[in-house]
Amino acid sequence: MESSVSRRSALVLTGAAVGGVAAGRPREHADLVLHSGTVWTGNGTARAVAVKGMRIVAVGSDEHVLEWAGDRTRRVDLRGAFVGPGFRDQHTHLVQTALTGAGAETYRPVWKPYDEGEAFESRRRNGKRHLEIHARGETPVDNCTRSPVTEKMKNDLLVMQEEVARQGISTVVEAGLRDLGALDALFQLADEGRLKVRFLVRVGWGCLEEAARMGLRTGVGNEWVKVLGVKLYSDGWLGPRTAALRRPYTDDPYGFPREGVLFLEQERADRDVARARELGFNVTTHAIGDRGLKVTLNAYERAGVSPRDRWAVEHVQVAEDDLLERMIRRGVIASIQLSFATTDQRFAGDALGEKRLRYAYRWRDMLRARMPMVGGSDFGNEVLDPLWGLQRVVTRTEFDGTPPGGWMPDQRLDVPAALRLITSKAAFASYEERQRGTVSPGRYADLVVLKENPLTMPPERIAAATRLMTVTNGKITSETPVRYPPTA
Ligand SMILES: [Zn+2]
């Protein structure tokens, strides 16, 4: 197998990767060598990768990379398996979920056929909750506590990270932490050498002042736990018709205000954003409707946002050209959730009407317009599994086959573009693109090994692919084969 493989190996490497390979015979040995596979570096392909300590030391042909193997090197024959940059998830509520004491199964994806009655009730409940929060003059991220760290809290976090690592994920972003005690616990676990997943934390707005008093701001942390910024919350959700729109909803299934719920009035948005900047926090804001997005962008612009800041907006589900252009001009990153590519088809058309739907969930248009973008799951409201998200964003067809041909099929993403949203582009959104997000020498070794190659396999089978190994910061964090085929 080895010889036939190297005969037909045609290396397509980036400049950076070639530089690392060309260094000649290494004087040191690697700790780990993965060989005889297909390594997707993020830009091209190679056959093998070597890891020493926390870093990648070589990427290239089997012959070159195996020169790094010594007596104490762990060699893994990939037998043709796929290696890519470790998955990153730019929007989760994993830590917040772990604080509820959730069991391991909570983090595994389960597919259920769509039940309109159940979904209707759940949307009504969420909408009522939004109206109550709004009536109190608050946003959903205004509350903050700092619970004492307990062994139970730490254990619950470890149960969660085990499942996250098994799904091929190296880095997760917590989108709006409301208990700073969990951050204390994560820092303790990192000090104790017990973390397997990297946690980048955005504190919820309510925790901003206390976090600043603790000496935290963007970039504070270590290789495992880091403060990324703060999350603000401008409007509701599209399903319950509480996302704030510039023009009224087309339908009215719940009898809520027809233009949605705007939590963040302009004056407060301006003040909050300016304060976050003053305290040194990167800003992201939940904005689903175009009115929520407009208020958010007004506030960002008044605070002088520039592409250097890498601020973001979460969801960006309804956005006409004027708003997208403003984001592109200021380098504001659109943080989208891959699974929404199919789950929101159930209500988005009714809520927005056919004409306005053309300005919704149009991710391919956004990529073509060179909008900075990043992908996530919104775990807590959606499944975590990045392969489920990948299949959904590539096919725009739900696992039950609806709609045939895909929902707004011209907005389907190709696999490399979708993978970049959860690897290199996610690294960029976290100021880590020179350290992580691609498989290249000198970068941290964050890797995922899949039995099947998502770049060549039938797209409608991606969600059922098998994870064989996860490596984060050079450490093998999972080597249990894991697959979650979406069957009812
Ligand atoms: Zn969320």
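Could you check, for region 104-116, whether at least one of its residues is open to solvent by less than 10 Å² (accessible area, probe 1.4 Å), in contact (Cβ under 8 Å) with a residue 40 or more places away in the chain and more than 16 Å from Phe379 (Cβ to Cβ)? Spell out how you get there, then give the answer.
In the first step, residues of region 104-116 are kept if they are open to solvent by less than 10 Å² (accessible area, probe 1.4 Å); the result is 107.
Of the ones still in play, those that are also in contact (Cβ under 8 Å) with a residue 40 or more places away in the chain are 107.
Imposing the further condition that a residue be more than 16 Å from Phe379 (Cβ to Cβ) reduces the set to none.
Checked against the condition, which is being open to solvent by less than 10 Å² (accessible area, probe 1.4 Å), in contact (Cβ under 8 Å) with a residue 40 or more places away in the chain and more than 16 Å from Phe379 (Cβ to Cβ), region 104-116 yields no hits at all.
When region 125-149 is examined, which residues are found to be closer than 20 Å to Cys207 by Cα and open to solvent by 50 Å² or more (accessible area, probe 1.4 Å)? Hits for region 125-149 are His134, Arg136, Gly137, Glu138, Asn143, Thr145, Arg146, Pro148.
Taking every residue in region 149-163 that is of a type in the set (Lys, Arg) and pairing it with any residue that is open to solvent by less than 10 Å² (accessible area, probe 1.4 Å), at least 6 positions away or on another chain, the pairs with Cβ-Cβ distances below 7 Å are Lys154/Ala185; Lys154/Leu189. Considering Gly219, Gly260, the condition of being surrounded by 24 or more Cβ atoms within 10 Å (Cβ to Cβ) and at positive phi is satisfied by Gly260 alone.
Table: residues versus (1) under 30 Å from Gln161 (Cβ atoms); (2) surrounded by fewer than 22 Cβ atoms within 10 Å (Cβ to Cβ); (3) not hydroxyl-bearing (Ser, Thr, Tyr).
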| site | (1), (2), (3) |
| --- | --- |
| Gly349 | no, yes, yes |
| Gly353 | no, yes, yes |
| Tyr359 | no, yes, no |
| Asp365 | no, yes, yes |
| Gln391 | yes, no, yes |
| Glu398 | yes, no, yes |
| Pro404 | no, yes, yes |
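Being closer than 27 Å to Arg396 by Cβ and either assigned by TED's automatic domain parsing to the domain that holds Gly406 or free of Cβ contacts under 8 Å to residues at least 60 places away in the same chain (or both) is the requirement here; does Ser306 meet it? Spelling it out, it is not the case that Ser306 is closer than 27 Å to Arg396 by Cβ and either assigned by TED's automatic domain parsing to the domain that holds Gly406 or free of Cβ contacts under 8 Å to residues at least 60 places away in the same chain (or both). Before we move on, is Met408 out of contact with any Ser or Thr (no Cβ under 7 Å at 6 or more places or on another chain), modelled with pLDDT of 95 or more, farther than 24 Å from Thr41 by Cβ and away from the ligand (no atom under 16 Å from the Cβ)? In short, yes. Take the conditions (1) under 23 Å from Gly331 (Cβ atoms); (2) surrounded by fewer than 23 Cβ atoms within 10 Å (Cβ to Cβ); (3) within 16 Å of the ligand (Cβ to nearest atom); Glu432 misses just one of them, which is (3). Is it the case that Arg434 is in a loop (DSSP other than H, G, I, E, B) and closer than 30 Å to Val65 by Cα? Yes, satisfied. When Thr423 is tested against (1) in the same structural domain as Thr73 (by TED's automatic domain parsing); (2) under 19 Å from the mean Cα position of the chain (by Cα), just one condition goes unmet, and that condition is (1).
Being more than 21 Å from Gln90 (Cβ to Cβ) and among the hydrophobic types (A, V, I, L, M, F, W, C) is a condition met by no residue of region 282-293. Taken over region 375-392, the criterion of being part of a helix (DSSP H, G or I) and either in contact with a Ser or Thr (Cβ under 8 Å, 6 or more places away or on another chain) or within 16 Å of the ligand (Cβ to nearest atom) (or both) is satisfied by Pro386, Trp388, Gly389, Arg392. Note on region 417-431: residues that are part of a helix (DSSP H, G or I), farther than 19 Å from Gly219 by Cα and touching a residue at least 60 places away in the same chain (Cβ under 8 Å) total 4. When only residues in region 393-405 that are under 23 Å from Val110 (Cβ atoms) and part of a loop (DSSP other than H, G, I, E, B) count, which is farthest from the ligand (Cβ to nearest atom)? Step by step, filter region 393-405, then rank; the result is Gly401.
Can you spot a residue in region 197-209 that is open to solvent by 50 Å² or more (accessible area, probe 1.4 Å) and either touching a strand residue (DSSP E or B) at 6+ places or on another chain (Cβ under 9 Å) or of a type in the set (Gly, Ala, Ser) (or both)? No, that holds for no residue.
The values are calculated or read from the model by the stated rules, or taken from the named source; none is laboratory data. It should be emphasised that the depicted structure is a prediction, and the values quoted were computed from it without experimental measurement. Please note: Cβ atoms are built from the backbone with ideal geometry, for glycine as well, and neighbour counts cover all protein chains shown. In case anyone asks, the SASA skips ligands and DNA or RNA and just uses the protein heavy atoms, side chains included. Shrake-Rupley method; radii C 1.70, N 1.55, O 1.52, S 1.80 Å.
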